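The values are calculated or read from the model by the stated rules, or taken from the named source; none is laboratory data. Just so it is clear, the structure is predicted and the values come from calculations on it, not from any experiment. So basically every Cβ, Gly included, is an ideal-geometry build from the backbone, and we count neighbours across all protein chains shown. Quick note on the areas: whole protein, heavy atoms, side chains included, nothing else; ligands and nucleic acids left out. Shrake-Rupley method; radii C 1.70, N 1.55, O 1.52, S 1.80 Å.
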Amino acid sequence: MNKPSALVVDDEPAIRELLEITLRRMDIDVLTAGELRQARECLQNRHFDLCLTDMRLPDGDGLDLVEFIQLNHPKLPVAVITAHGNMESAIRALKSGAFDFVSKPLDLQVLRNLVNSALKLVRQEGGDRRSRHILLGDSPAIREIRSKITKLSRNQAPIFISGESGTGKELVARLIHAMSPRSEKPFVAVNCGAIPHDLMESEFFGHRKGSFTGAVGDKQGLFQAAHGGTLFLDEVADLPLSLQVKLLRAIQEKSIRPLGEPREIPVDVRIVSATHKNLAEMVRNGDFRQDLFYRINVIEMHVPPLRERRSDIPALVDHILAKLTPPGDAKAELSPEALSALLNYPFPGNVRELENILERAVALCEGHRILVEDLNLPKAIETAFPAAPDESPVGGHGLSLENYMDEIEKQAIVKALEKTRWNRTAAAKQLGITFRALRYKLKKLGLD
């Protein structure tokens, strides 16, 4: 098997020599260049598996080389070397298509991690990178998301996934991880709103024995657990400001300091975050740090609500019903009227709600045939939304979509409570949600 080859571009002889020695010790052939013109000539004359380039070159900018490689050698991973603390340059490079970045002074372990990830990506080319059998649907929106996932899995840029609750943000994050060179390493998902504030620092960064009262042993944090893989921060908007500062440093420096640990520990983690909240508005209101927002939002991917891709509903229904069918049993089928009802339902809970509706319908139906009444669709919501998404009355009410959805949800819950004489357990059952979910919604909507 041929040795992998790398092109190193830097105008400082000492940096070129350090990089060449490090890469040769990793059994990689190295060619060096001191300026942009020379680097372009090298790329035109021979094949490389990796390119490392400084951001500041005598005859141009490292971004120029990144763009040249994207245009002429799109499958070649290129990483940029930035000045210490200059995250703006790193973010510009990642947005331009760079695979990753490393800061000066060079941390050789961070560099080795980067090189290994890039070479895994090269070896992975030609494998099965399709996601159609996992992210179901053939609507233009879903096709675009699948295309983006394929592109984004090739680099290490932090990704921010936006979208309403239940749209499948975590599924998208898992697909990006599964199709990336990090696929053999852990995918660690954490709901940022589910961790008590006083335990957050310990959960994220770990602690050493005796670092605080109750620390009876060493504990590994989420960053260490995800080392080499992907850390998925679900509902990142729920992070307190005090932890946002520490998270920002961990992303910038690619290192963490567990509680009670005197030194920082390098970590190799890709950050993918998500929330159903409007993070840009939270930044404007001072509830989320602007600098952290720019770090995690290098590339944004929006997952559309189900009502904006109704043509995908039949494929989703077929998949969910197959998943709900026990081995050896016949799969339940929707009557034409039931399918029509689902196609005209707005799905405020999106794909997650569709799963819940079908699971309940399978339990209620007779003879493996699901009728409209088996779906038990909430009438208050069903009648409030027309079939076509562009005819939504949101604008006419002068409400934002989120506030409008809250109002509709509130009406449905109140109606269910009135029908069950305010028996919360019975109301939750009628709404097709858990008692815990109902209690959360009551508190959120001010009905508690």
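Odds and ends about this structure:
- Inter-label distance for Lys444 and Ser139, nm, one decimal - labels placed 7 Å from Cα along Cα-to-Cβ: 2.0 nm
- Taken about its Cα centre, region 152-236 carries a charge dipole of about 360 debye when Lys and Arg each add +1 at the Cβ and Asp and Glu each add -1 at the Cβ.
- Equivalent ellipsoid semi-axes - Cα gyration tensor, the chain, angstrom: 46, 26, 20
- Count of lysine pairs in region 99-201 with Cα separation under 21 Å (8 or more residues apart, or interchain): 7
- Solvent exposure of region 175-318 amounts to 43 Å² per residue of accessible area, where only protein heavy atoms count and the probe is 1.4 Å.
- With each label modelled as a point 7 angstrom along the Cα→C-beta vector, the Glu308-Leu106 pair spans 4.4 nm.
- With DNA, RNA and ligands ignored, accessible area of Asp29 (1.4 Å probe; Å², nearest 10): 60 Å²
- Label-point gap, in nm, between Asp27 and Leu364 - each point 7 angstrom along Cα→Cβ: 6.2 nm
- Farthest positive-ward along the chain dipole, Cα basis, beta-carbon charges - from Ile408, Leu377, Ile91: Leu377
- Surface share of carbon and sulfur [accessible, 1.4 angstrom probe, percent] for region 164-221: 49 percent
- In a simple Cβ point-charge model (Lys, Arg +1; Asp, Glu -1; nothing else charged), the chain has a dipole of about 820 debye relative to its Cα centre.
- Arg174 sits with roughly 110 Å² accessible to a 1.4 Å probe, with DNA, RNA and ligands left out of the calculation.
- Rounded FRET efficiency, nearest 0.05, which uses the C-beta distance separating Leu71 from Ala437 and R0 of 56 Å: 0.70
- Of all accessible heavy-atom area on region 245-371, the percent that carbon and sulfur account for (1.4 Å): 49 percent
- Sites Asn2 and Val245, calculated FRET efficiency, Cβ-Cβ separation with R0 60 Å, nearest 0.05: 0.85
- Vicinal HN-Hα couplings computed from phi for region 288-302 (Karplus, 6.51 cos²θ - 1.76 cosθ + 1.60; Hz; Gly/Pro x): 9, 5, 5, 5, 5, 4, 5, 6, 8, 9, 4, 10, 9, 10, 9
- Here the extension length gained between Asp238 and Arg424 equals 64.3 nm, from 0.36 nm per residue of separation less the Cα-Cα distance.
- For region 1-156, the solvent-accessible area works out to 49 Å² per residue, with a probe of 1.4 Å and every protein chain left in place.
- In this structure, the pairs whose alpha-carbon distance is over 27 Å, taken from Lys3/Lys75; Lys95/Lys441; Lys219/Lys277, are Lys95/Lys441; Lys219/Lys277.
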